[in-house]
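Asks: This is the structure I want to talk about, given as structure tokens.
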Amino acid sequence: MAANEKPAEASTEVKAAVAAPTSAAIPTPAAIPTPAALPTPAALPTPVAPKGASAAASTASFGRVDEELNVYVTEAGVERRVGQYPNVTAAEALAFFERKFADLAAQVRLLEQRVAAGADAQSLKKSLQHINTELVEPAVVGDIAELRARAAALGDKIGLAAAAKNEANKEQVGAALAERAKIADAAEAIANQDPAKTQWKNGTAALTELFEKWQESQKSGPKLPKAEADVIWRRFSAARTKFDANKRQYFATLDASNKAIKGKKTDIVAAAEALISKGADAVAEYRKLLDQWKAAGHSKSKFDDELWARFKAAGDAIYSAKGEAVAAESADHAANLAAKLELLAEGEKSINPAKDLAAAKKALASIQQRWEQAGRVAKEKVREVEDRMRALEAKVRDAEQEHWRKTDPATQERTNSVLSQLADSITKLEADLAAAKAKKDAKATKAAEEALAARKAWLEVVKKA
């Protein structure tokens, strides 16, 4: 036996297929098919030649069978025994090992196709390692050198593919880290807002959305280096924690702040009401109180509106007194006032949008133009004439809107519904009034009469609409 040959016992494939009863190293006869079970030469499939190799090359150039049915393969001019297939013809024994070569060549060809199709580089590496192991000293007959060369070429291609994948993966990892850093930046921007100006509802929704983006990045993005990903996560987590702490602190102190603001504004309102008796001379002091009001802040409670109504009423009284004082100095505005009163009288007489809306609009436009040319009037008369002018404008505007409303089907449907509701309400109130009168309950009778009168008035208004 040559030095580079392996004994027949080393080929597990041969052991599984055939047996020699006289050899102690070969499996027991029970594990080997009988010659009768072996296919006849005519039934054996034609050996599949490797890609690019002829059938003659696979049989004549790379292997032979001796008299004892030992099968040899030739590699680089040296024969190596690959196994034995007893109880068959020499052609059948050789064909068996040629089929094993064809199987190995098919593995190489499949790997070539996968490389060409751009399959996963790591999977390709594993497949190539398996093939290289099979090609060390394969128990096959065929052009083994050619398969090894093809496998070596595949190794270079797979290496390039793996390098490209690693580079692409680096880009994906960089992009994913940048995206998560962007999420952390946005969260920190929300957390670092002034708590007094923060919209807590909007901020909570924004942080929830950012957290969902983070989870989506974890699910669909590449696996990131733990050290770098953890740094960004700690930033994001710290921002969320800070926001929640600020939110709790804000609402914990809100009640105390509201009480303090209410106390300040109550004192300001009392001071403003005390200034009313000074009349026009109190304007400067009232303005100072107004500055104090603005500086006191907003309590975000119903008391704030109530206090403001009182404060404003005091201011209105003070400025009204000042207006009366200024009126004495506005005699030169009398002519302008007379002109505007004439325009008002003209408009109130001639403008009738209920009769002719288009003519009313045209007349109003003419009066408005002359109104601006008439000039200013005394301050104490401004409201009087302006209110009347606004009333004229509102009259035309309301008529135009009413015209549109009456032609709107949805409005008509709502009107019918209101009429029905008012009719039901009037019926019930009439019953309540009768019951109150029967009980001689003066208070209930008065309340029912007032409510009934109001409902009937509403009914008339709706009917006219």
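Asks: State the number of residues belonging to segment 362-381 that are part of a helix (DSSP H, G or I) and surrounded by fewer than 16 Cβ atoms within 10 Å (Cβ to Cβ).
Replies: Here the count works out to 8.
Asks: Show the residue pairs that are 6+ apart or on different chains and have beta-carbon atoms under 9 Å apart, the first residue being within segment 215-233 and at pLDDT 80 or above, the second being assigned to a helix (DSSP H, G or I) and β-branched (Val, Ile, Thr).
Replies: Going by the 9 Å Cβ cut-off, the qualifying pairs are Ser217/Ile183; Pro225/Val173; Glu228/Val173; Ile232/Ile183.
Results for (1) basic (Lys, Arg); (2) at pLDDT 85 or above; (3) not assigned by TED's automatic domain parsing to the domain that holds Lys361, shown as yes or no for each residue.
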residue: Thr266; (1), (2), (3): no, yes, yes
residue: Glu273; (1), (2), (3): no, yes, yes
residue: Arg310; (1), (2), (3): yes, yes, yes
residue: Gly315; (1), (2), (3): no, yes, yes
residue: Gly323; (1), (2), (3): no, no, yes
residue: Lys340; (1), (2), (3): yes, no, no
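Asks: With the requirement that a residue be in contact with an Asp or Glu (Cβ under 8 Å, 6 or more places away or on another chain) and surrounded by fewer than 16 Cβ atoms within 10 Å (Cβ to Cβ), what does segment 145-159 give you?
Replies: Within segment 145-159, just Ala145 meets the criteria.
Asks: Under 9 Å between Cβ atoms, which residue pairs at least 6 apart in sequence (or on different chains) link something in segment 189-202 that is surrounded by 14 or more Cβ atoms within 10 Å (Cβ to Cβ) with a partner that is of a type in the set (Val, Ile, Thr) and in a loop (DSSP other than H, G, I, E, B)?
Replies: From segment 189-202, the pairs are Ile190/Thr198.
Asks: Then there is this: Based on what the data block shows, is Arg240 at pLDDT 80 or above, in the same structural domain as Glu188 (by TED's automatic domain parsing) and out of contact with any Pro (no Cβ under 7 Å at 6 or more places or on another chain)?
Replies: Criteria met by Arg240.
Asks: Of Phe236, Phe243, which residue is outside any loop (DSSP other than H, G, I, E, B) and within 20 Å of the chain's Cα centre (by Cα)?
Replies: Phe236
Asks: Ok, one more. Mind checking whether some residue in segment 348-358 is assigned by TED's automatic domain parsing to the domain that holds Ala399, out of contact with any Gly (no Cβ under 8 Å at 6 or more places or on another chain), polar (S, T, N, Q) and surrounded by 15 or more Cβ atoms within 10 Å (Cβ to Cβ)?
Replies: yes
Asks: To continue, here is another question. Does Gly155 fit the bill of being without any contact (Cβ under 8 Å) to a residue 24 or more places away in the chain, out of contact with any strand residue (DSSP E or B) (no Cβ under 8 Å at 6 or more places or on another chain) and assigned to a helix (DSSP H, G or I)?
Replies: Considered against the rule, which asks whether it is without any contact (Cβ under 8 Å) to a residue 24 or more places away in the chain, out of contact with any strand residue (DSSP E or B) (no Cβ under 8 Å at 6 or more places or on another chain) and assigned to a helix (DSSP H, G or I), Gly155 comes out as no.
Asks: Have a look at Gly142, Gly118 and point out the one that is surrounded by 14 or more Cβ atoms within 10 Å (Cβ to Cβ), among the small types (Gly, Ala, Ser) and assigned by TED's automatic domain parsing to the domain that holds Val71.
Replies: Gly142
Asks: Among the residues that make up segment 174-197, is at least one of them under 30 Å from Ala116 (Cα atoms) and over 20 Å from the mean Cα position of the chain (by Cα)? Steps first, please.
Replies: Initial filter on segment 174-197 (under 30 Å from Ala116 (Cα atoms)): 174-176.
Imposing the further condition that a residue be over 20 Å from the mean Cα position of the chain (by Cα) reduces the set to 174.
Scanning segment 174-197, I find at least one residue that is under 30 Å from Ala116 (Cα atoms) and over 20 Å from the mean Cα position of the chain (by Cα), so the answer is yes.
Let's see how each residue does on (1) assigned to a helix (DSSP H, G or I); (2) at pLDDT 85 or above; (3) within 59 Å of the chain's Cα centre (by Cα):
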{"residue": "Pro39", "(1), (2), (3)": "no, no, no"}
{"residue": "Glu98", "(1), (2), (3)": "yes, yes, no"}
{"residue": "Arg109", "(1), (2), (3)": "yes, yes, yes"}
{"residue": "Ile131", "(1), (2), (3)": "yes, yes, yes"}
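Asks: Another question, then. Scan segment 81-89 and give yes if some residue there is among the hydroxyl-bearing types (Ser, Thr, Tyr), in the same structural domain as Glu137 (by TED's automatic domain parsing), touching a Phe, Trp or Tyr at 6+ places or on another chain (Cβ under 8 Å) and outside any strand (DSSP E or B), otherwise no.
Replies: Yes, because at least one residue in segment 81-89 is among the hydroxyl-bearing types (Ser, Thr, Tyr), in the same structural domain as Glu137 (by TED's automatic domain parsing), touching a Phe, Trp or Tyr at 6+ places or on another chain (Cβ under 8 Å) and outside any strand (DSSP E or B).
The values are calculated or read from the model by the stated rules, or taken from the named source; none is laboratory data. Please read these numbers as outputs of a predicted model, since none were measured by experiment. Every residue, glycine among them, receives a Cβ derived from its backbone with ideal geometry; neighbour counts consider all protein chains shown.
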